[in-house]
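S.K.: This structure is in structure tokens; I'll ask about it shortly.
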Amino acid sequence: MLCEECQMRPATLHFTKIINGEKTEIHLCEQCAQEKGNLFFMNQSPGLTINNLLAGLFNVHPNFNQTQQEAVQHNELLQCNECGMTFSRFLKVGKFGCPNCYLTFHDQLTPILKRLHGGNWKHSGKIPKRAGGSLYIKKKIDILKETLQTLIEKEEFEKAAEIRDEIRMYERQLQEGEA
Amino acid sequence: MSIEKFLNQSLSNWMNGEGPHSDIVLTSRIRLARNLKDFLFPTVFSQEDSKRVLEYIEKIIPFLNEYPLKNIELLKMDQLQELQKQVLVEKHLISPNLAKESLNGACLLSENENISIMINEEDHIRIQVLLSGLQLERALEIANMVDDQIEKQVDYAYNEVYGYLTSCPTNVGTGLRASVMMHLPGLVMTQQMSQLIPSINQLGLVVRGIYGEGSEALGNIFQISNQITLGKSEQDVLFDLNGVVEQIISQERAARETIRKTSEVQLEDKVFRSLGVLTNCRIIESKEAAQCLSDVRMGIDMGYIKNISKTILNELMILTQPGFLQQYAGGPLRPFDRDVRRAKLIRERLFLERNK
Ligand SMILES: [Zn+2]
Ligand SMILES: [Zn+2]
């Protein structure tokens, strides 16, 4: 297949472009893809500097470039089945298309997240009450157990008993949820 | 429109110049990015998807009725005039992106304008809380109350490993961007800012000017915010940011005292010249206005200028933006006419101070 843009070199990169939900296939050679990519960034609004930084990361880091190259060559295999996002497309725009993208590109994501977030790749902040489900309850139990420990050390047994009951209630909830 | 009426309609609660360290910290802002589980992200969704998201949010609004969300108002972008949107952008209540490019973009606004919730921006939901002075913890507390109320009604896109899922991986995890707007004329005058910025960057924080383009920070106003959203709790992010901000505050105070000691006459001259310009100008560009406002504010904070309230910097930096000037004028203005209008607005505002 020839590159759509120059009609000279063979098309090695295949993108799925989604504008307002309409999918279009684009087949480009590496040079033309590069040019298009740059153009894309030039057209973005000024508020998107963080994404330029993301793009910058991929270009600057030598090891990463290699991973990018490999990933790009396998990009046809890697496509989110919910929104159609491909990994190469993600590298160009710096944004995902849906929550499922995080699962689809799970293996590729860890090094990217580490570079963006100072070596971190795992969440350690707020857990939502409903969406977090059992995780939220487990964390609550952990906190209560710590409180219980301090209360016992301070010999405040009456309060400790209350906390213990609360822990039991949460543990029961957890069992019911898992059953 | 009279100046009193214009001010009444235009001022938001966070411009009141109160709160801890408000001589240097103008505002504290917390932003939480959230998405709905069963919808494509706004980065790729269709007009139809965006409509469904907005309808979904509209349905839950009646249930968002606990503190601090009583009496919130829904503003749909496609029902506002360009000028109204521009004014919301200039007040930092919505992003330029929401105003210009969103599909079915909307904003839920609290009565005192401390809380704004953007719908269909880069993420489905972006909760923003804006307070005056250094009050990051309080702002986070309010944002969390808003977040919890919304979460009772919708299914968030959340994952045990990655936390809150966002369309851009730079926000994934907590979805939290905490930022502080600081007035740093002393550090700029003593040329310490250029050394300070790289060292702040090394701590994983971002510094940028709020007004003006590129590296230039009009009015010596800088925004400092966290970059990392993954692997750090909300409290840790705030703790680190607060630490840096407090250090910058003491450096700014030290710089001001150095200037006072080494070149007090020059400082007084600069401050009072700027006050002279603002009280007498007939044409003024935004860049000059910003510099003079910064000088006058510093003069107030350092005790040279009395009887003028310190809120004028916070207020006038916002109210002399093109959108506001046109609203004040009651119609569109060419750039030259804006400069004339800007001068008039500043003179009238300062005149109000004198007759207080
Ligand atoms: Zn080509
Ligand atoms: Zn996807």
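The values are calculated or read from the model by the stated rules, or taken from the named source; none is laboratory data. Owing to the predicted nature of the structure, the values given are computational and were not obtained by experimental measurement. Cβ coordinates were reconstructed from backbone atoms using ideal geometry, including for glycine residues, and neighbour counts include every protein chain displayed. Note: areas computed on protein heavy atoms with side chains; ligands, DNA, RNA excluded. Shrake-Rupley method; radii C 1.70, N 1.55, O 1.52, S 1.80 Å.
S.K.: Rounded to the nearest 100 Å², what's the accessible area chains B and A bury against each other, both chains counted, probe 1.4 Å?
M.R.: In total, this chain pair buries about 3600 Å².
S.K.: Grab the DSSP H runs of chain B that are 4 residues or longer, score each as -39,500 (n - 2.57), total them, divide by all residues and round the 222 nm result to the nearest 500 deg cm²/dmol.
M.R.: -15500 deg cm²/dmol
S.K.: Rank these by accessible area, largest first, 1.4 Å probe: B:Arg282, B:Arg253.
M.R.: B:Arg282, B:Arg253
S.K.: Averaged per residue, what accessible surface does the range A:93-164 expose to a 1.4 Å probe, in Å²?
M.R.: Ligands and nucleic acids excluded, the result is 55 Å² per residue.
S.K.: Please tell me the relative contact order of chain B in percent, rounded to the nearest whole number, where contacts are Cα pairs under 8 Å and at least six residues apart.
M.R.: The value is 20 percent.
S.K.: Using protein chains only and a probe of 1.4 angstrom, how many square angstrom of A:Trp121 are accessible, to the nearest 10?
M.R.: 100
S.K.: With everything on Cα atoms, drop me the angle between helix B:234-280 and the longest principal axis of chain B, reported from 0 to 90° to the nearest 10.
M.R.: Helix B:234-280 sits at roughly 30 degrees to that axis.
S.K.: Would you calculate the separation in nanometres between label points at B:Asn8 and B:Asn159, each defined as 7 Å from the Cα along the Cα-to-beta-carbon direction?
M.R.: 5.3
S.K.: About its Cα centre, what dipole magnitude does the protein assembly as shown give when the only charges are +1 on Lys and Arg Cβ and -1 on Asp and Glu Cβ, stated in debye to the nearest 20?
M.R.: 1220
S.K.: A further question follows. Can you tell me the 0 to 90 degree angle between the C-alpha axis of helix B:335-354 and the longest principal axis of chain B, rounded to 10?
M.R.: It works out to around 70 degrees.
S.K.: Please give the net charge around B:Leu69, taking every other residue with its beta carbon less than 12 angstrom from that of B:Leu69, where Lys and Arg add +1 and Asp and Glu add -1.
M.R.: Local net charge: -3.
S.K.: Let me know the Rg and Dmax you get for the range B:9-54 when you use only its Cα atoms, in Å.
M.R.: Here Rg and the maximum Cα pair distance are 18.2, 48 Å.
S.K.: Given q = 0.06, 0.09 Å⁻¹, what are the Debye log10 I(q)/I(0) values for chain B, with equal point scatterers placed on the Cα positions and solvent ignored?
M.R.: Relative scattering, expressed as log10 I(q)/I(0), comes to -0.23, -0.52.
S.K.: Tell me the per residue accessible area of the range B:153-257 using a 1.4 Å probe; a whole number in Å² is fine.
M.R.: Accessible area per residue, the range B:153-257: 36 Å².
S.K.: What is the spin-label model distance, in nm, from B:Lys287 to A:Glu4 if the labels are put 7 Å beyond Cα along the C-beta direction?
M.R.: 4.3
S.K.: Given charges of +1 on the Cβ of Lys and Arg and -1 on the Cβ of Asp and Glu, with all other atoms neutral, how large is the dipole of the range B:73-198 about its Cα centre, in debye to the nearest 20?
M.R.: Approximately 380 debye in magnitude.
S.K.: What is the distance in Å between the Cα centroid of the range B:290-309 and that of the range A:111-174?
M.R.: 49
S.K.: Kindly report, to the nearest 10 Å², the accessible surface of B:Ile142 as traced by a 1.4 Å probe over protein heavy atoms only.
M.R.: 20
S.K.: On to the next question. Given 25 °C and 0.890 mPa s, how large is the Stokes-Einstein diffusion coefficient of the protein assembly as shown in µm²/s, with Rh as the Kirkwood radius over Cα pairs?
M.R.: Rounded, D is 96 µm²/s.
S.K.: How large is the Kirkwood hydrodynamic radius of the range B:173-225, counting all unique pairs of alpha carbons, in Å?
M.R.: After inverting the pairwise mean of 1/r, the radius is 11.6 Å.
S.K.: Given a cut-off of 31 Å, name the pairs among B:Lys70/B:Lys306; B:Lys91/B:Lys270; A:Lys122/A:Lys159 whose C-alpha atoms lie farther apart than that in the structure shown.
M.R.: B:Lys70/B:Lys306; A:Lys122/A:Lys159
S.K.: At a 1.4 Å probe radius, carbon and sulfur cover how many percent of the accessible area of the range B:266-356?
M.R.: Using a 1.4 Å probe with all protein chains present, the range B:266-356 comes out at 51 percent carbon and sulfur.
S.K.: Search the structure for amide H atoms under 5 Å from the amide H of B:Tyr158, placed 1.01 Å from N in the peptide plane, and list their residues when 5 or more places away or on another chain.
M.R.: B:Leu165
S.K.: What do you get for the angle between helix B:193-202 and the principal long axis of chain B? Use alpha-carbon atoms, 0 to 90 degrees, nearest ten.
M.R.: 20
S.K.: Sticking with this one: At a Förster distance of 30 Å, what's the computed FRET efficiency of B:Ser233 paired with B:Thr262, Cβ-Cβ distance as r, to 0.05?
M.R.: It comes to 0.10.
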